[in-house]
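The values are calculated or read from the model by the stated rules, or taken from the named source; none is laboratory data. For clarity, every value in this text was computed on a predicted model and none was experimentally measured. As a convention, Cβ positions derive from the backbone with ideal geometry for all residues, glycine included, and neighbour counts pool all protein chains shown.
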Amino acid sequence: MPGRMAGRRALITGGAGAIGLACARRLLAEGAEVVLLDRSADALAAAGIGVSPVACDVRDPGAVAAAVTRAAGLLNGPPDVLVNAAGVYRIAPLLDLTPEEWDDVQAVNLRGTFLAGRAVAAALIAGGRPGSIVNISSTAGLVADAAEPSAHYNASKAGVLALTRQMAVEWAPHGIRANAVCPGVIDTPMLRMMDDPVAGAAYLRTGVPQGRLGSTEEVAAAIAFLASDDASYLTGAAVPVDGGVTAI
Ligand SMILES: NC(=O)c1ccc[n+]([C@@H]2O[C@H](COP(=O)([O-])OP(=O)(O)OC[C@H]3O[C@@H](n4cnc5c(N)ncnc54)[C@H](O)[C@@H]3O)[C@@H](O)[C@H]2O)c1
């Protein structure tokens, strides 16, 4: 949709990652100005897509507030599109999961989404501007998976859905929409189940109605739609991008 995002200022957390980068490419192609935020300046430099990088750890409230101010400077105005793609994935059966591992995952996936969302919304509300937030949850926030035990990840992603709904209702009066996407098995380094090709192929046959992995571009397309005015009456929604996994 060339031009659909013309004039929009987008900030993408986890912007050096697989889905964050695909999102950046999509929003750029649709005409947005884009700033990428990630914890690693090196990773941002390596991304090499020629947009402004801001190094920031989304767990740190002061750093997030400073990063949003920096992004607003680079974009000549507060971001009116925020994609929260920063995230970490960990596997551990519940009986082995330490409280520290639990906290680490919540800190990035849930607290980071809260902090970035709040900082961007505060800037928009202060300026009386509308905006759109898209949080990346996961099918793991909707259903459990015995084959890949990851209660801490699943709980963080379910938390992102609850957070998204609350953002939607609290900020609707300010013209800010908030939605979530729930990617399923997306062809990225984060996806570990395909490390075992036999088990992976069996899963695709039986667990994914469309019978294949999703691509980062397919996730980015859904995010771009939700961020755009084409989704002007969608807020508080959780959109699976999962080839039908959660329809079974
Ligand atoms: N890949 C999948 O199959 C899949 C499926 C469902 C959901 N997701 C979600 O999509 C999002 C993006 O996943 P991805 O596959 O692109 O993973 P990725 O690892 O390629 O990207 C995640 C990015 O987040 C950044 N990050 C991690 N901790 C951070 C912190 N404290 N501060 C700032 N940045 C930090 C990383 O540096 C990385 O660049 C994640 O939230 C993930 O949970 C991915």
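Of the conditions (1) without any contact (Cβ under 8 Å) to a residue 60 or more places away in the chain; (2) part of a helix (DSSP H, G or I), residue 128 satisfies every one except a single condition; which number is it?
(2)
Hey, residue 87 hits all of (1) touching a Pro at 6+ places or on another chain (Cβ under 6 Å); (2) within 12 Å of the ligand (Cβ to nearest atom) but one; which does it fall short on?
All conditions are met except number (1).
State yes or no: is residue 235 buried (at least 17 other Cβ atoms within 10 Å of the Cβ), of a type in the set (Val, Ile, Thr) and closer than 26 Å to residue 3 by Cβ? If you could, list the steps in order and put the result at the bottom.
Numbers: buried (at least 17 other Cβ atoms within 10 Å of the Cβ): yes; of a type in the set (Val, Ile, Thr): yes; closer than 26 Å to residue 3 by Cβ: yes.
Here the answer is yes, as residue 235 does meet what is asked.
Determine if the stretch 136-143 includes at least one residue that is out of contact with any Ser or Thr (no Cβ under 9 Å at 6 or more places or on another chain) and surrounded by fewer than 19 Cβ atoms within 10 Å (Cβ to Cβ).
No, the stretch 136-143 contains no residue that is out of contact with any Ser or Thr (no Cβ under 9 Å at 6 or more places or on another chain) and surrounded by fewer than 19 Cβ atoms within 10 Å (Cβ to Cβ).
Please go through the stretch 7-45 and pick out each residue that is hydrophobic (A, V, I, L, M, F, W, C), touching a Leu at 6+ places or on another chain (Cβ under 7 Å) and within 6 Å of the ligand (Cβ to nearest atom). I'd like the intermediate steps shown before the answer.
Restricting attention to the stretch 7-45, the residues satisfying the condition of being hydrophobic (A, V, I, L, M, F, W, C) are 10-12, 16, 18-19, 21-24, 27-29, 32, 34-37, 41, 43-45.
Cutting the leftovers down to touching a Leu at 6+ places or on another chain (Cβ under 7 Å) gives us 10-12, 16, 24, 34-37, 44.
Scanning the stretch 7-45 gives a single hit, 16.
Does the stretch 186-203 contain any residue that is surrounded by fewer than 14 Cβ atoms within 10 Å (Cβ to Cβ), over 16 Å from the mean Cα position of the chain (by Cα) and under 23 Å from residue 111 (Cβ atoms)?
Among the residues of the stretch 186-203, not one is surrounded by fewer than 14 Cβ atoms within 10 Å (Cβ to Cβ), over 16 Å from the mean Cα position of the chain (by Cα) and under 23 Å from residue 111 (Cβ atoms), which makes the answer no.
List every residue pair whose Cβ atoms lie under 6 Å apart, where the two residues are 6 or more positions apart in sequence or sit on different chains, the first residue falls within the stretch 183-198 and is at pLDDT below 80, and the second residue, located anywhere, is outside any loop (DSSP other than H, G, I, E, B).
193/200; 194/200
Does residue 79 qualify as being away from the ligand (no atom under 14 Å from the Cβ), more than 17 Å from residue 15 (Cβ to Cβ) and more than 13 Å from the chain's Cα centre (by Cα)?
Working: away from the ligand (no atom under 14 Å from the Cβ): yes; more than 17 Å from residue 15 (Cβ to Cβ): no; more than 13 Å from the chain's Cα centre (by Cα): yes.
Criteria not met by residue 79.
Per-residue answers, yes or no, for (1) part of a helix (DSSP H, G or I); (2) out of contact with any Phe, Trp or Tyr (no Cβ under 6 Å at 6 or more places or on another chain); (3) modelled with pLDDT of 95 or more; (4) among the hydrophobic types (A, V, I, L, M, F, W, C):
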{"site": "171", "(1), (2), (3), (4)": "yes, yes, yes, yes"}
{"site": "202", "(1), (2), (3), (4)": "yes, yes, no, yes"}
{"site": "205", "(1), (2), (3), (4)": "yes, yes, no, no"}
{"site": "209", "(1), (2), (3), (4)": "no, yes, yes, no"}
{"site": "212", "(1), (2), (3), (4)": "no, yes, yes, no"}
{"site": "217", "(1), (2), (3), (4)": "yes, yes, yes, no"}
{"site": "243", "(1), (2), (3), (4)": "no, yes, yes, no"}
{"site": "246", "(1), (2), (3), (4)": "yes, yes, yes, no"}
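Kindly state which strands (runs of 3 or more DSSP E) lie completely within the stretch 1-92 and contain at least 3 residues that are at negative phi and in contact (Cβ under 8 Å) with a residue 60 or more places away in the chain. Steps first, please.
On the way: elements: 9-13, 33-38, 52-55, 81-84.
By residue number, 9-13, 81-84.
Determine which member of the set 220, 202 is away from the ligand (no atom under 13 Å from the Cβ) and of a type in the set (A, V, I, L, M, F, W, C). If you could, list the steps in order and put the result at the bottom.
On the way: 220 fails: away from the ligand (no atom under 13 Å from the Cβ).
Among 220, 202, only 202 is away from the ligand (no atom under 13 Å from the Cβ) and of a type in the set (A, V, I, L, M, F, W, C).
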